[in-house]
1. For residue 442, only one of the following conditions fails: (1) of a type in the set (D, E, K, R); (2) outside any loop (DSSP other than H, G, I, E, B); (3) over 22 Å from the mean Cα position of the chain (by Cα). What is its number?
2. State the number of residues belonging to segment 127-149 that are surrounded by fewer than 17 Cβ atoms within 10 Å (Cβ to Cβ) and either aliphatic (A, V, I, L, M) or within 25 Å of residue 114 (Cβ to Cβ) (or both).
3. Consider residue 174 against the criteria (1) within 20 Å of residue 38 (Cα to Cα); (2) at pLDDT 95 or above; (3) within 29 Å of the chain's Cα centre (by Cα): it satisfies all of them except one. Which criterion is unmet?
4. Quick one: in segment 24-39, which of the residues that are open to solvent by 10 Å² or more (accessible area, probe 1.4 Å) and small (Gly, Ala, Ser) is nearest to residue 168 (Cα to Cα)?
5. Filter segment 519-546 down to the residues that are open to solvent by less than 10 Å² (accessible area, probe 1.4 Å) and touching a helix residue (DSSP H, G or I) at 6+ places or on another chain (Cβ under 7 Å) and list them by number.
6. Only one of these conditions is not met by residue 397: (1) open to solvent by 30 Å² or more (accessible area, probe 1.4 Å); (2) hydroxyl-bearing (Ser, Thr, Tyr); (3) within 21 Å of residue 568 (Cβ to Cβ). Which number is it?
7. On the given criteria, is residue 601 β-branched (Val, Ile, Thr), more than 20 Å from the chain's Cα centre (by Cα) and open to solvent by less than 20 Å² (accessible area, probe 1.4 Å)?
Amino acid sequence: MATGDVALGQQASSASAHDASKRVINDFSIQVATVNGSGSQSANSVLLKSIFGMGIPVSGKNLFPSNIAGLPTWYTIRASKNGYVARKKEIDILIAMNAETAKEDILSLPAGAVAIYEEAQNLKQYRDDVACYPVPFDKLTAAVCPEARLRKLVKNMIYVGVAAQLLSFDMTAVEAALRRQFAKKQKAADLNWAAVQAGYNYAAESLTKHDPYVLERMHATEGKIIIDGNAAAALGAMFAGVTVVTWYPITPSSSVVEQLIDYLKKYRVEPDGKATFAVVQAEDELAAVGMVLGAGWSGARSMTATSGPGISLMAEFAGLGYFAELPGVIFDIQRVGPSTGLPTRTAQADLLSIAYLSHGDTKHVMLLPGSVKECYEFAIAAFDLSERLQTPVFVVSDLDLGMNNWMSEPFDYPEKPLDRGKVLTADDLKRLGEFGRYKDVDGDAIPYRTLPGTDHPKAAYFTRGSGHNEKALYTERPDDYQNLMERLNRKFETARTLVPHPIVVQTGKSKVGIIAFGTSDFAVLESRDQLKKEYGVETDYLRIRAFPFTKEVHEFVASHDHVYIVEQNRDAQMLSLLKLDLPAEDAVKLRSIRHFNGLPIDARSVTDEFVLQEGII
């Protein structure tokens, strides 16, 4: 399966692949087709970071199978002078290193594209409208790597050198990226650099460039960093003061905790060697979230990370957290479902599950980061919100944001003190004289709590998942239950004023709006530019960053004739949540643009569907 969306045998007509007179500068995608477990990750990282080091905006996406080794893998790098980082629908440059998929990969290219491949494959026989560059990879590798067992790995650096020469990479940037990649392995760095040079020299001496794609230095990445969303979330959790981390490994969330463990070991161990944190790998996700809520009840800042199947298992404890009002943070890195689904493909399909997770009437707070910087910021915010609202808070990311590398502005060091919420001390209890654990004292529906160990006879209360009144006493009285559920609903209304507000772009020139969230934002930003440039169509835009929705979401929909909801799931889950929240006269304005094939959403698909539904000719 090739990951460009051009169907086999239906190549787009365009200028000849051999016409390089019109240069395409800093605006193309490279796809490296390899085999899982072949060691190509380092080479692909060098390519990505070399482009970044040249000051050119760049993004990378890894499409890999859910087995250990042997199945096809595609890694796509997009260079964009305009700063676009969504997946590009078309592949411009193919590096075909997997003989199993090479034919399909080259047939999927649009006319005018480029193919770099092992010369023995003779891929030119399949396309005469693609610029073909055959390379004797095995021969070149053998010349620079005497050890046969290492050749599979070193071979990848040959294609780095070939691509660098053909596309005019700055070789100082390539070497810098490579030596950073192997910073602690001088011998490996030297060997791999020799392979890059061998590929570069072969291309310079033996290949005649007949394609338009080139790179030129820019200054658009100065001061920026590259990081994946899971690492950013882990960093945010550490700065938020997390002390208890419980988890069960599951793709694509495992690296949240794996990276967090590294951070905690480095920064949260006292000089005497005593750790100020606890990390527990549980027997399953149900146990993990139970530990989170228990730790949160006792006053610890606690979290877990999971994906869709784990969310399903957590339903019972999520209801307990909502009903008994227990803080805890759950990171959900979404993948394709249902069931096992496609564990290494991306989606935005857990929204409805999480929003009402558990039986009975429940509503959960969700934070929806749309960048790696927001993964960091929302991780911090989630712990504050969870303790302020005394409820589980879900940070809902996805595989694309979580596991892929993204450019970002550096993260800000947190300035605000931690918000522990309404916690009563022994002195508070002496002053007050009484304490109703579930009583709404301040009118915001958030009660006060005490922590275990508070030295006062009035501090104790019974935490239960069954019926209870304001004083935490067991009850089955209808009015007590109704009052409790109404207060929890009012607390959810309070949450509307505390969660991150949406990002709104009003042009003042359009009655048509677009709403998106999470990683769909990258495609929508580019699509809006396409609509304006190609069709003269202006659109307004709102990016949702949290549920419950804030008043700005209602105002945005009310001020437009119709609004498109762009999301990565089959069942229009965000649209469904909006319909439940909006007045009927506004709910009918909503239209749906959905993408759910497991690949990250691209701008062209959004534009084409928008144009189709608008009836634009």
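1. (2)
2. Narrowing segment 127-149 to residues surrounded by fewer than 17 Cβ atoms within 10 Å (Cβ to Cβ): 128, 136, 138-139, 142-143, 146-149.
After this cut, where a residue has to be either aliphatic (A, V, I, L, M) or within 25 Å of residue 114 (Cβ to Cβ) (or both) as well, the list is 128, 136, 138-139, 142-143, 148.
The number of residues fulfilling the criteria is 7.
3. In the conditions (1) within 20 Å of residue 38 (Cα to Cα); (2) at pLDDT 95 or above; (3) within 29 Å of the chain's Cα centre (by Cα), residue 174 misses (1) alone.
4. Going through segment 24-39, the residues open to solvent by 10 Å² or more (accessible area, probe 1.4 Å) turn out to be 24-25, 27, 35-39.
If we keep only those that are small (Gly, Ala, Ser) too, we end up with 37-39.
Numbers: 37: 29, 38: 26, 39: 24 Å.
Top of the filtered list is 39.
5. Step one: filter segment 519-546 for residues open to solvent by less than 10 Å² (accessible area, probe 1.4 Å), giving 519-520, 523-524, 527, 531, 539-542, 544, 546.
Scanning segment 519-546 gives 519, 523, 524, 527, 531, 539, 541, 542, 544.
6. Every listed condition holds for residue 397 apart from (1).
7. Working: β-branched (Val, Ile, Thr): yes; more than 20 Å from the chain's Cα centre (by Cα): no; open to solvent by less than 20 Å² (accessible area, probe 1.4 Å): yes.
No: the conditions fail for residue 601.
Let's see how each residue does on (1) under 21 Å from residue 359 (Cα atoms); (2) open to solvent by 50 Å² or more (accessible area, probe 1.4 Å); (3) touching a helix residue (DSSP H, G or I) at 6+ places or on another chain (Cβ under 9 Å):
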site: 415; (1), (2), (3): no, yes, no
site: 432; (1), (2), (3): no, yes, no
site: 437; (1), (2), (3): no, no, no
site: 479; (1), (2), (3): yes, yes, no
site: 483; (1), (2), (3): yes, yes, no
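The values are calculated or read from the model by the stated rules, or taken from the named source; none is laboratory data. Nothing here was measured: the structure is a model prediction, and the numbers come from that model. With ideal geometry, Cβ positions are generated from the backbone for all residues, glycine too; neighbour counts draw on all protein chains shown. Please note that ligands, DNA and RNA were not included when accessible areas were found on the heavy atoms of the full protein model with its side chains. Shrake-Rupley method; radii C 1.70, N 1.55, O 1.52, S 1.80 Å.
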